[in-house]
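Enquirer: If you scroll down you'll find the structure; I have some questions about it.
The values are calculated or read from the model by the stated rules, or taken from the named source; none is laboratory data. All values reported here derive from a predicted model rather than from experimental measurement. Don't worry about glycine lacking a Cβ; one is built from the backbone with ideal geometry, like all the others, and counts go over all protein chains shown.
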Amino acid sequence: MATPTVKVSKDQHIWAYAADMQPVVTVDPGTIIEIETWDCFTGQVQSESDTLEKLDINRVNSATGPIAVRGAEPGDSLSVTLIDIRPDKQGAGMCIPEWGQLIHLAKSPTTRIFKVEDGIIHMNDRVSWPQRPMFGVIGVAPAEGSIPTFKAGTHGGNLDNNMNGIGATVHLPVFQPGGQLAIGDMHASMGDGEISGTGVEIGGTAIIKVDLIKGKSGTWPVTETADSWITHGTTDGDIDQALQNACEEAAKLLVDEWGFTIEDAFIFLSVAGDLGLAQYCHPSPGTVIAKMCVPKTAATPHPFK
């Protein structure tokens with residue numbers, strides 16, 4: 001594994017992606033970085049008595065950074081490869097009042113503490129499974145204004161896509177010089193939809209590499225894995241529109257980058273693509289995030305030509 005040449009501490013973090021935010025470090029494309037992140041609760045949850053109503057909500061979902069990449073300009077993609085993700089040894093999950101599809105069945109706010117040992121997550125003496133670490137929050141400075149790290153949008157942010165794990169590359173559209181990357185909200189594992197509003201929320205350390213694709217970007221971030229690329233679509237609460245946005249984004253890339261007709265893109269995505277939900281813990285104040293997974297074939301090898 002490549003050796004990091006830059007380290008960024010979790011003490012250097014943001015609570016919102018702002019158009020005018022300034023970097024804590026500036027690096028060249030190709031730089032390997034060690035980045036440390038808080039859990040989404042910023043260390044406030046240490047036991048099962050720490051339920052959400054006892055927490056300072058203003059200290060939720062910090063993102064480490066910002067990191068500027070030299071040469072990144074609007075219209076480019078800032079490509080972030082997640083080389084390794086190393087969770088700490090303890091995380092937490094919750095039932096949060098008024099959040100999620102099953103909250104009407106839950107009898108009380110509940111916190112569960114998970115132990116993570118040798119790559120295995122332990123919920124209790126009976127329930128355990130292999131870790132699948134990923135980042136919920138990964139984004140850049142937006143075109144204008146300020147967007148809390150709790151939200152997702154075209155800048156990225158709280159995408160909560162469990163495909164953003166080890167080996168994935170997330171191509172983020174650049175809106176401001178340098179991009180201004182910030183990452184946080186690590187999960188030891190998280191299911192599609194994150195239906196209670198939490199994964200296994202945990203702090204830790206990651207090794208990442210930053211690169212640029214000049215002159216090409218998606219409308220939303222695009223995640224690339226060894227065998228697929230995944231488009232996103234976000235809305236404040238309209239699940240149908242989020243799903244349509246993810247489909248339209250995938251079709252647009254197939255047409256613009258790989259010469260598909262819109263009809264062939266439509267059919268290809270129907271017969272070979274996988275449409276799903278990254279984030280839908282509604283009711284909640286969070287963003288709805290849909291994803292369309294496009295298989296890598298000879299005709300669709302990457303999101304961008």
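Enquirer: Would you pick out the residues in segment 73-82 that are assigned to a loop (DSSP other than H, G, I, E, B) and in contact with a Pro (Cβ under 7 Å, 6 or more places away or on another chain)?
Expert: 73
Enquirer: Let me ask something else. Can you tell me which condition residue 183 does not meet? The list is (1) part of a strand (DSSP E or B); (2) on the phi > 0 side of the Ramachandran plot, and all the others hold.
Expert: Residue 183 satisfies every listed condition except (2).
Enquirer: Inspect all residues belonging to segment 135-150 and state whether any of them is of a type in the set (Ser, Thr, Tyr), touching a residue at least 12 places away in the same chain (Cβ under 8 Å) and more than 23 Å from residue 291 (Cβ to Cβ).
Expert: Scanning segment 135-150 turns up at least one residue that is of a type in the set (Ser, Thr, Tyr), touching a residue at least 12 places away in the same chain (Cβ under 8 Å) and more than 23 Å from residue 291 (Cβ to Cβ).
Enquirer: Can you tell me which condition residue 54 does not meet? The list is (1) under 22 Å from residue 133 (Cα atoms); (2) loosely packed, with under 12 Cβ neighbours inside 10 Å, and all the others hold.
Expert: (1)
Enquirer: Next up: May I ask you to verify whether residue 192 is under 27 Å from residue 305 (Cβ atoms), out of contact with any helix residue (DSSP H, G or I) (no Cβ under 6 Å at 6 or more places or on another chain) and of a type outside the set (Lys, Arg)?
Expert: No: the conditions fail for residue 192.
Enquirer: Separate question: Output the strands (runs of 3 or more DSSP E) that fall wholly within segment 111-153 and possess 2 or more residues being at pLDDT 95 or above and more than 12 Å from the chain's Cα centre (by Cα), or say none.
Expert: Filter on segment 111-153 gives 120-122, 128-130, 146-148.
Enquirer: Within segment 158-180, can you find the residues that are assigned to a strand (DSSP E or B) and surrounded by 20 or more Cβ atoms within 10 Å (Cβ to Cβ)?
Expert: The answer is 158, 169, 170, 171, 172, 173.
Enquirer: Any idea which of (1) under 30 Å from residue 48 (Cα atoms); (2) free of Cβ contacts under 8 Å to residues at least 40 places away in the same chain is the one residue 193 doesn't satisfy?
Expert: Answer for residue 193: the failing condition is (2).
Enquirer: How about segment 194-249: which of its residues are more than 25 Å from residue 62 (Cα to Cα) and hydroxyl-bearing (Ser, Thr, Tyr)?
Expert: The answer is 217, 225, 228.
Enquirer: Right, another one. Out of everything in segment 68-89 that is more than 18 Å from the chain's Cα centre (by Cα) and of a type outside the set (A, V, I, L, M), what residue ends up being farthest from residue 28 (Cα to Cα)?
Expert: 89
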